[in-house]
1. Hey, among P338, P334, P393, P415, which residue is in contact with a strand residue (DSSP E or B) (Cβ under 8 Å, 6 or more places away or on another chain), in a loop (DSSP other than H, G, I, E, B) and in the same structural domain as S292 (by TED's automatic domain parsing)?
2. Since V345 meets every condition but one in (1) in a strand (DSSP E or B); (2) over 15 Å from Q308 (Cβ atoms); (3) of a type outside the set (K, R), which condition does it not meet?
3. Looking only at segment 233-254, how many residues end up being surrounded by fewer than 23 Cβ atoms within 10 Å (Cβ to Cβ), in contact (Cβ under 8 Å) with a residue 60 or more places away in the chain and in contact with a strand residue (DSSP E or B) (Cβ under 9 Å, 6 or more places away or on another chain)?
4. Would you confirm whether any residue within segment 360-370 is under 30 Å from V434 (Cβ atoms), modelled with pLDDT of 95 or more and not in a strand (DSSP E or B)?
5. Going through R167, R159, R155 one at a time, which residue ends up being touching a residue at least 24 places away in the same chain (Cβ under 8 Å), of a type in the set (D, E, K, R), farther than 23 Å from H233 by Cα and buried (at least 18 other Cβ atoms within 10 Å of the Cβ)?
6. It is to be established whether one or more residues within segment 531-540 are among the hydrophobic types (A, V, I, L, M, F, W, C), at pLDDT 95 or above and over 30 Å from P630 (Cβ atoms).
7. Working only within segment 368-389, note down all residues that are among the small types (G, A, S), more than 22 Å from G293 (Cα to Cα) and surrounded by fewer than 21 Cβ atoms within 10 Å (Cβ to Cβ).
8. Look at G646 and say whether it is free of Cβ contacts under 8 Å to residues at least 40 places away in the same chain and not hydrophobic (A, V, I, L, M, F, W, C).
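The values are calculated or read from the model by the stated rules, or taken from the named source; none is laboratory data. The structure displayed is predicted, hence computed values, not measured ones. For neighbour counting, all protein chains shown are included, and Cβ atoms are generated from backbone atoms with ideal geometry for every residue, glycine included.
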Amino acid sequence: MALGWAIGRATTRRRRTRSRRVAASAYVTAVVLLGSAGAVSAVPVTPGTPRAGSLTEVGPVAEHGFPSWYRDSTGLRLEACVSLADPLCPALADEIPNPDVPVSYPDNFPGEFFYQLAGAALTLSNGVEATVGMDLEGAWAAEEVRDGDQMVFGRVRIRFDAPAGERYRITHPYGVDEIVATDRGVNMTEDIGTTPGAFGLAMTSRIGPFLRWDPAVAPAAPAGYTGDPGVEHRVVGSPYQTNFVRIDRIDGAGAVLAQLGRTDEFSVQGRYARNSGVEIDQATYSVGANGSGVVEVYAHSEPNQAIQLQADPALGLHTTGLRGQGSRYYGRFPVTGPLPAGAAVQVANAGDTPVAVRSRRLVDVVSVSRAAYDADARTLTVAATSSDTDATPPTLTVAGFGPLTGAPFADVAAPPAAVTVTSSAGGTATVPIVGSGAAFSPLAPTAVATAPTGGVAGQRITLDGSGSRGEITSYAWRQTDGPATALTGGTTARAQFTPTAGGRYTFTLTVAGPGGTSAAVPVTVAISATVPPTAANAGPDQVVRRGLPATLDARATANVDTLGWRQVSGPAVTLTGADTARPTFTVPLVPLPAAPGPNPAYAVDRSPLVFALTATGPGGTATDQVTVTPQAEALTGVTARYRNRGEWRIGGTSSLVAGQRVTAVLGPNATGRVIGTASVDAAGAFAIRTATPAPGALRTVTLVSTTGGTTTAAVAVTN
């Protein structure tokens with residue numbers, strides 16, 4: 001029963017999650033998927049016991065492009081289960097193009113496989129079957145065997161039927177999850193590490209250490225395996241010492257209402273790594289003018305391995321062992337005659353079955369003897385050599401600057417922290433730059449003074465020096481012309497005065513700092529003795545996209561001392577700088593219907609935002625209003641289809657490309673059950689893919705966007 005459950009679970013999982021993994025594979029390192037249109041409701045909870053153990057190391061990449069093995073903190077290494085001939089570590093036959101012939105890469109390789117396939121199945125007290133899977137899985141980002149798409153991820157999956165809205169706590173070997181059931185019950189999948197080629201990311205998942213049969217419980221695990229997947233057995237390996245699965249129903253405060261089930265028996269599949277693999281870290285060559293020289297190979301594998309250089313008659317190389325120290329291996333081999341272009345060496349682990357062989361192109365060794373920057377002359381000097389000193393040596397180039405000619409690079413105002421020298425023979429070296437020259441002096445401050453060009457007697461005038469540049473420690477304002485007046489804040493960035501008579505008032509600003517004292521900068525204000533009435537001008541009406549900042553503008557208001565803005569109508573916003581000429585706010589997004597719904601009181605508020613400006617000055621008080629209208633959005637080309645096997649496909653295009661979210665609601669208005677939500681992409685398109693809810697007799701969906709678009713579409717129901 002256990003073997004059939006484990007393999008059946010893996011096969012079912014593959015079929016149900018393939019479309020999801022395609023969408024999440026290329027650039028996502030951690031995803032939590034819930035099979036529901038509702039909001040994500042799975043929350044990992046920190047166990048009471050500190051974690052003790054994890055995955056710790058990923059092995060060399062094997063010929064199939066996946067790691068040879070993964071090691072956990074107990075020292076156990078598990079290798080990939082990709083063989084059809086091993087009943088204790090089988091590949092899935094329906095994942096192999098031709099299961100009647102041996103597995104081979106790339107022509108007959110599994111679409112997915114496991115380093116660890118572990119799980120528990122239990123019947124809850126209400127008769128419901130529950131499963132918990134905890135796997136370390138290898139797969140392909142594009143769902144097909146294609147070099148470069150290899151990925152390995154840790155997976156925790158929990159599934160059982162439950163009434164929507166009920167809360168559960170699931171304790172398992174790799175932690176505790178609290179989950180709110182949706183209309184699909186409890187259906188949680190967590191995949192971490194789904195970035196192609198980034199095999200170390202799987203070690204950040206919750207999988208690890210590996211689960212294996214408890215050696216204190218008979219029978220013992222088959223030699224070389226973590227267990228027999230066809231036999232359920234107690235296990236060890238939990239980093240929290242929770243080598244069991246327990247499912248509790250809890251209330252909103254986390255208190256346990258009832259324990260629904262518990263088991264300490266698991267099906268586990270995993271084979272201890274028999275191969276160690278080998279990885280070449282670097283392969284370099286050095287040759288003299290006569291073409292003779294040496295090849296040096298640096299590699300790594302497990303300690304005490306038979307790591308060998310493979311014979312290559314074209315290079316004059318013979319099968320020779322590398323010298324090992326711990327996991328590092330090194331070899332130095334003679335070559336005679338010129339190396340052909342693109343020459344490579346092969347290194348094998350002769351102790352592996354089949355023998356692991358890796359290849360690497362030979363490159364020269366670049367040595368940088370000098371990387372110096374002269375700050376006074378603004379020159380960068382780089383000196384480097386190649387280990388290839390044959391009659392025609394390779395070209396050496398400084399990245400970002402050009403080939404080495406023996407002369408310094410001129411007019412370098414700001415050098416990088418380090419330079420990289422590359423060779424046309426493939427070698428590269430990066431070294432830090434050493435600088436010289438006189439130390440820089442602090443920047444001399446520069447005064448910048450502004451003021452209104454005109455005003456009226458009795459109006460408070462502000463002189464503004466905040467735009468001055470440089471490191472400034474003091475400000476000094478001084479009146480140089482016009483009727484005498486008192487300055488307030490004459491030693492600050494902003495000074496003020498209130499003229500009592502008409503005339504031309506001239507002031508100068510001087511700023512000082514560690515870099516010296518600036519020149520005095522004048523500013524003049526023409527004051528009229530006649531006091532005209534204050535005129536409020538709230539600026540022109542605006543159209544602004546939702547989610548973007550908007551700026552109100554009262555700069556055209558005349559003869560004013562104080563300004564005050566307030567919102568008159570529309571969705572409430574927060575005004576920043578409500579007492580300034582240019583306050584700002586963000587045009588609010590449209591709240592989406594709450595999942596799972598229904599939402600009988602839901603309505604979209606499209607009303608514009610109206611603001612009133614009050615201006616007060618010597619000529620009295622005046623008011624004006626301005627209207628900010630959210631930019632209209634059209635949702636077009638909308639199609640909606642539901643397949644009776646449980647699959648929604650809804651898509652369309654927005655007239656706004658804003659990354660907004662679009663929610664689909666079942667029914668002719670937005671008050672019904674929520675189907676799902678998607679984001680608008682860079683082309684303006686959106687697509688919703690989910691399984692629930694079933695449409696029943698309804699044949700219409702309503703779409704609502706956070707940027708204000710709404711529309712309805714007919715639902716096509718198919719098989």
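1. P338
2. (2)
3. 13
4. yes
5. R167
6. Among the residues of segment 531-540, not one is among the hydrophobic types (A, V, I, L, M, F, W, C), at pLDDT 95 or above and over 30 Å from P630 (Cβ atoms), which makes the answer no.
7. A372, A375, A377, A383
8. Taking the combined requirement at face value, the residue does not satisfy it.
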